[in-house]
Amino acid sequence: MVAAAGRGSRFGGPKQRALLLGRPLYVHALSDLLAHPAVVAAVLAVAAGEEERFRRELAAYGWHRRVEVVAGGESRTASVRRALTALPRDGLEAVLVHDAARPSAPAHLVDALLAALSGAEGAVPVLPVADTLRWRRERGGPARDEVGRVATPQAFRLEALLAAHERAWAEGREATDDAQLVEAAGGRIAVVPTQDGRLEKVTRPEDLTMAALRLAGPEGLWPRVGVGLDHHRLVVGRPLWLCGVRIPSAEGLEGHSDGDVALHALANAILGAAGERDIGTHLPPGDPATAGMASGRVLALAVGRARARGLGVVQAQVTITSPRPRLAPHVPAMVASLARALALEEARVAVHATSGEGLIADAMEAHAVAVLAPQAAIRGWDGS
Ligand code: MG
């Protein structure tokens, strides 16, 4: 079972929904567990009222038949107790309890935890302590090699965990993990030492960056660069749109959409950086549904495709060749428009304009460069 009902008060929001390498945090935890051959069923405890949202998302991963979603309680202990009631009982010997805040459940660790249940009622992974420890109110402290940090997943014999939760419920006892409850009920807990950094908990937003680094390696954080190019013919009697700004002009750009050559080039740059094919593939020209469309939608489509791959735009530049009109007076408005559309500060957006020296007479040309970064490296990315 995976506990994903927390409020994330230290994170500043429900962190189980935060995106890590393009997937919500809780999906990483579930995905490892579901891939393990010993796992026959999974229960996800979520905040009350959020069940349908999670069920829809699980369906998108094809997991709706394998994962039961239940409403959690007011505390972690209450959430796990509710999830326990949803577990199938027939033939089930052991249960793994995992926190959605830890985006991995490595198979080697699950194997070691389950093996440890032969001599104990529960087994917990324990990470080393790197710092010297000190009691807050007394002299000295425990030697750091005598203590460790308890992580999840934790493995329990099902009957022992059920009994421990029943007893905790009767006594009104709460605990920060289930091993404490099993131990309080007289059960033995085996320690499985591990140095696997993928078990580190995501507590603060910056922890997502480290989690991405641990799961994907350094290349998971590398920026991506894309280049886009587009041309549209200048014709009399069309409005002129560039970077989403209406520019006063006797001529405008021909096109199936509003002809915004700058946004098309930029959308292609973003799609290219995300490893996607160009906008013509996503929005075939001539489709009546997109006739006269504002090209802001084209840009939004490209941003959305990148986002689905866990990437966000962190920098953009467009260079427009315009034989007429002169674009310099409109550059600040175009920069502001792009910054707004990309949710970037203006310093990360540049629009350059050139006349083309008469080499291009009856058309506009736009070149664009987009820099994308993995979402884990972007401040404020909350996955909502
Ligand atoms: Mg175009």
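The values are calculated or read from the model by the stated rules, or taken from the named source; none is laboratory data. No experiment lies behind these values; they were computed from the predicted model shown. Every residue, glycine among them, receives a Cβ derived from its backbone with ideal geometry; neighbour counts consider all protein chains shown. The accessibility values were calculated without ligands, DNA or RNA, using every heavy atom of the protein model including side chains. Shrake-Rupley method; radii C 1.70, N 1.55, O 1.52, S 1.80 Å.
Observations on the structure shown:
- Heavy-atom surface of the chain, accessible at 1.4 Å and reported per residue (Å²): 50 Å²
- The chain: angle of helix 261-273 to the longest principal axis, Cα-based, in degrees nearest 10: 30 degrees
- Global geometry of region 285-384, whether rounded, prolate or oblate, following the gyration tensor of its Cα atoms and the 1.5 cut on a/c: oblate
- For the chain, modelled as a GNM whose springs connect Cα atoms under 10 angstrom apart, the maximal fluctuation among V227, V313, V245 occurs at V245.
- Prolate/oblate/rounded call for region 2-213, Cα gyration tensor, a/c under 1.5 rounded: rounded
- Other residues whose C-beta falls under 10 angstrom from the C-beta of P374 contribute a net charge of +1, scoring Lys and Arg +1 and Asp and Glu -1.
- Think of it as helices only: each DSSP H run of n ≥ 4 in the chain is worth -39500 (n - 2.57), and spread over all residues that comes to -9000 deg cm²/dmol at 222 nm.
- Counted without the sites themselves, the longest stretch of the chain free of chymotrypsin sites (Phe, Trp or Tyr not before Pro) in a DSSP loop having at most 15 other beta carbon atoms within 10 Å is 136-384.
- Largest mean-square fluctuation among P248, P239, P14, in a Gaussian network model of the chain whose springs join Cα atoms under 10 Å apart, belongs to P248.
- Sequence-distant residues sharing a close amide H with A48 (under 5 Å, placed H): G72
- Centre separation in Å (Cα based) which lies between region 226-242 and region 282-359: 11 Å
- Extension gain from E52 to R246, taking 0.36 nm per residue of separation minus the Cα-Cα distance: 65.6 nm
- Heavy-atom surface analysis with a 1.4 Å probe gives region 106-257 a carbon and sulfur content of 52 percent of its accessible area.
- DSSP bridge pairs, the chain: antiparallel proportion in percent, nearest 5: 65 percent
- Each Lys and Arg Cβ is given +1 and each Asp and Glu Cβ -1; about its Cα centre, region 213-259 then shows a dipole of about 160 debye.
- Residues with amide H under 5 Å from that of V2, placed H, sequence gap 5 or more: V43, L44, A45, H98
- Cβ-based charge dipole, the chain, positive-most Cα from V150, P193, L117: V150
- Helix axis angle, 107-116 relative to the chain longest principal axis, alpha carbon, degrees: 10 degrees
- Cβ-Cβ FRET estimate between D362 and R10, R0 fixed at 41 Å, reported to 0.05: 0.10
- Simple point charges give the picture: +1 on the Cβ of Lys and Arg, -1 on the Cβ of Asp and Glu, and for the chain a dipole about the Cα centre of about 560 debye.
- Computed from the C-beta positions of A308 and E138 and an R0 of 51 Å, the FRET efficiency is 0.45 to the nearest 0.05.
- Cα gyration tensor category, rounded, prolate or oblate, for region 43-123 with a/c compared to 1.5: prolate
- Between 0 and 90°, nearest 10: helix 158-171 axis offset from the chain longest Cα axis: 80 degrees
- Here's the picture: charge each Lys and Arg Cβ at +1 and each Asp and Glu Cβ at -1 in region 2-213, and of L19, L58, A107 the one pushed furthest to the positive end of that dipole is L19.
- Nearest-0.05 FRET efficiency for A60 and L158, computed from C-beta distance (R0 25 Å): 0.25
- Cα convex hull of the chain, projected area averaged across orientations, nm²: 24.2 nm²
- Cα→Cβ-extended label distance, 7 Å offset, between E74 and R214, nm: 3.2 nm
- Candidates T77, T209, T290: whichever shows maximal mean-square fluctuation once the chain is modelled as a Gaussian network with Cα springs under 10 Å: T290
- Inter-label distance, nm, simple model (7 Å from Cα along the C-beta direction), R89/E254: 7.6 nm
- Amide H contacts under 5 Å for A353, placed H, 5+ residues apart: I320
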